[in-house]
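Worksheet: one structure, shown below.
A short reminder: the numbers here are calculations on the coordinates, not readings from a lab. These numbers were taken from a predicted model, which means no experiment stands behind them.
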Amino acid sequence: MRKVVMATPMLFLAVAVHAGPRHIRYIASAAPRAVGRTVENMVTFKDRGLALNQWILMGAVLFDAKTSLDLTRRCPEPCENYGSVWGAHPSAARVYGMLGLTGIYYSTLNQVAWEVSYEETNPAGRAFERYFMLTAAVVHARLAVRNTQIHPAPQTAVPPELKADHPIH
């Protein structure tokens, strides 16, 4: 079933552009090539402005991973918020791995947006295409700050609705 789900988007892409067998291979390899260009630029700083944006995105995502991991470690019971993504008590490798892939995904989207912006003649449109992805960094940084502000309730605290005004003796 997984293979069908993974192959279906490629089929729709191929039908949408009326691609022949040669073009289907090109379409299917577009995402890995974009990820390769992203990693290459992040390592070599070929395009300094783009690389700076990509590292800002990656830093925000990894900061969110650190604070999310700390939050799940502080909770004595399984965290409901992260249960569907990482499990009740995720390992550090799982949290950093998932959010590291998210950072690469954001950086690849940023890479593609910059490549499109080179063809843009309007400076305002070029700025929007180039810097719009930084909103993802702002959202992740906001989530990370929120994670540092969450304090789990102490284990011995009795909820106020269970406290009686006049206990029975």
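Descriptive notes on the structure:
- Multiplying the residue separation of Q149 and K66 by 0.36 nm and removing their Cα-Cα distance gives an extension gain of 28.5 nm.
- Our coupling estimate for the range 128-133, obtained by passing each phi through the Karplus curve with A = 6.51, B = -1.76, C = 1.60 and θ = phi - 60°, is 4, 4, 7, 10, 5, 5 Hz, Gly and Pro reported as x.
- Extension gain (nm, one decimal) between R33 and K46, 0.36 nm per residue minus Cα-Cα: 3.1 nm
- Taking 0.36 nm per residue of sequence separation and removing the Cα-Cα distance, the R142/E120 pair yields an extension gain of 4.8 nm.
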